[in-house]
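Coordinate-derived values only; no laboratory data. These figures come from a predicted structure and were not determined experimentally. When we count neighbours, we look across all protein chains shown, and the Cβ atoms used for this are built from the backbone with ideal geometry, even at glycine.
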Amino acid sequence: MKPLEGKVALVAGATRGAGRGIAIELGAAGATVYVTGRTTRAQRSEYNRPETIEETAELVTNAGGRGIAVQVDHLQPEQVQALVARIEEEQGRLDILVNDVWGGEYLTQWNVPVWEHSLERGFRQLRLAIDTHIITSHYALPLLIRNENGLVVEITDGTAEYNDNHYRLSLFYDLAKSSVIRMTKSLAHELSPYKGTAVALTPGWMRSEIMLEHFGVKEENWRDATAQEPHFVISESTRFVGRAVAALAKDPEVGRWNGHSVSSGQLAQVYGFYDLDGSQPDSWRYIVEVQEAGKPADASGYR
């Protein structure tokens, strides 16, 4: 069964990480998915990493959907405008928008106070995290609201509850991730008259390509990394958050989440989906109740 067959999605920032996992799972449910990013097989972004949007599109198609790669810098309004015009011309509709553009992994200076943090790197991070999402929504939402039940998913790091009670290791990082959650509330208000839904969604400790590389492991042997960091036992694949987005997109009563901040682990308990290994990691509950409580690493009862 392909419950999203006939639906059109745009995953902004789908070159790697959560964006790639989300695009694949939307494809697996039958959607046509436009995947955007700056890195193609012919040109790399400032990340200078090997993952490309063409690879993501192929993975979407192989999963059972239709993947369409489009090189877009979401800080450039004219490029985003052209992207949406293309979607309108080719599909005539947009049902799902996932704002996943980030690009700040190499910009944050962790545990560095604002007076010592690079302003250039900090403001670049804010532009990548906030401006890109606003620009994309500005151009994409007029197409999305033409049909009822449009869904916007804002990807962030941390739930509203967690971020309200924690300093996220850098003023700029903290502001970037919390701003996306607040942005979701505004979008929820603006989409309501059109029966649209906006949700802020966070993965847990996600095994992105960059994270796996950091620990010197691959997805197939990720548990080996627990020798270096025992709490990595609670980590989740990029497909887990993808399944969370797909579950939202398939839910005829998705409006119940309008304006809410949720995690992949929380939605797994509601919708009954599982990670690739058959588990349901509840990372944010684990972080508070085990890791921050100073207890030994043990995911029993948390996945």
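Some values worked out for this structure:
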item: Set of lysines with alpha-carbon distance to Lys2 below 26 Å, sequence-local pairs under 8 removed; result: Lys195, Lys250
item: Computed over region 7-53, the ratio Rg/Rh where both radii use C-alpha atoms and Rh is Kirkwood; result: 1.01
item: Top positive-direction residue, dipole computed over the chain with Cβ charges, set Ile210, Gly103, Val60; result: Val60
item: Computed FRET value (nearest 0.05) for Arg182 with Arg93, which takes r as the C-beta separation and R₀ as 22 Å; result: 0.20
item: Fewest-first ranking of Arg285, Arg207, using other Cβ atoms within 10 Å as the exposure measure; result: Arg285, Arg207
item: Residue order, fewest to most beta carbons within 10 Å, for Trp284, Trp115; result: Trp115, Trp284
item: Fewest-first ranking of Leu201, Leu119, Leu144, using other Cβ atoms within 10 Å as the exposure measure; result: Leu119, Leu144, Leu201
item: Among Leu144, His166, Ile155 - extreme Cα towards positive end, dipole of region 125-240, charges at beta-carbon; result: Leu144
item: Amide H partners (placed H, <5 Å) of Val33, local residues excluded; result: Ala9, Arg66, Gly67, Ile68
item: Cα-derived Rg to Rh of the chain, Kirkwood definition; result: 0.94
item: Region 124-249: Cα Rg divided by the 2.2 N^0.38 Å rule of thumb; result: 1.21
item: Lys, Arg +1 and Asp, Glu -1 on Cβ, resulting dipole of the chain about Cα centre, debye, nearest 20; result: 360
item: Alpha-carbon centroids, region 226-275 and region 281-298: separation in whole Å; result: 17
item: Leu126-Asp224 FRET efficiency (beta carbon distance; Förster radius 41 Å; 0.05 resolution); result: 0.70
item: Dipole of the chain, positive end: most advanced residue of Leu187, Val245, Tyr274 [Cβ charges, Cα centre]; result: Leu187
item: Dimensionless Rg/Rh of region 84-169 - Kirkwood Rh, Rg from C-alpha atoms; result: 1.09
item: Sites matching GluC sites (Glu not before Pro) across region 228-303 that sit in DSSP coil, with at most 14 neighbouring C-beta atoms within 10 Å; result: Glu253, Glu292
